[in-house]
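Novice: Take this structure first; my questions come after.
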Amino acid sequence: MPVKIKTCPVCGEEFETKNIRKMYCSIKCNNKVQKARRKERLERRKKEMGVAEVNYPKQRGAKRYSPEKAQATHDRQAEIERKARAAGMSYGQYQYKKYLAGLKGAE
């Protein structure tokens with residue numbers, strides 16, 4: 001592939017690339033554009049919704065680990081496991097039976 005010389009629309013610096021789709025000279029310039037686009041989308045959504053503030057979660061992705069919550073989850077699962085064994089079923093069979101009962105109740 002031939003090398004192309006392009007000019008970055010953010011900083012104006014010339015850079016060489018073999019990829020014809022590359023638009024920015026660096027990740028830093030790309031991030032500036034993406035941040036501006038996110039801000040623009042947010043402003044547009046505010047205007048469409050007619051509100052001053054749109055409350056989106058600040059952090060996306062993995063939630064923070066909480067030992068108390070983990071212990072509570074473990075305790076709930078252990079209790080279900082005990083009930084399943086008492087009924088002569090595995091954990092999965094017991095959960096499936098509860099699921100089917102919920103479907104029948106919703107009819």
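Novice: Scan region 1-17 and report the pairs whose first residue is under 15 Å from residue 31 (Cα atoms) and whose second residue is in a loop (DSSP other than H, G, I, E, B) and hydroxyl-bearing (Ser, Thr, Tyr), with Cβ atoms within less than 8 Å and a gap of 6+ or a chain change.
Specialist: 8/24; 8/26; 9/24; 10/24
Novice: Now for a different question. Suppose we filter 36, 78 for residues that are within 28 Å of the chain's Cα centre (by Cα), of a type in the set (Gly, Ala, Ser) and not in a strand (DSSP E or B); which single one remains?
Specialist: Of the residues listed, the single one that is within 28 Å of the chain's Cα centre (by Cα), of a type in the set (Gly, Ala, Ser) and not in a strand (DSSP E or B) is 36.
Novice: Quick check on this structure: which one of 91, 96 is modelled with pLDDT of 90 or more and in contact with an Asp or Glu (Cβ under 8 Å, 6 or more places away or on another chain)?
Specialist: 91
Novice: Take the residues in region 1-40 that are aliphatic (A, V, I, L, M) and within 28 Å of residue 53 (Cα to Cα), then tell me which one is surrounded by the fewest Cβ atoms within 10 Å (Cβ to Cβ).
Specialist: The residue in question is 36.
The values are calculated or read from the model by the stated rules, or taken from the named source; none is laboratory data. It should be emphasised that the depicted structure is a prediction, and the values quoted were computed from it without experimental measurement. Cβ sites come from the backbone with ideal geometry, for glycine too, and all protein chains shown count toward neighbours.
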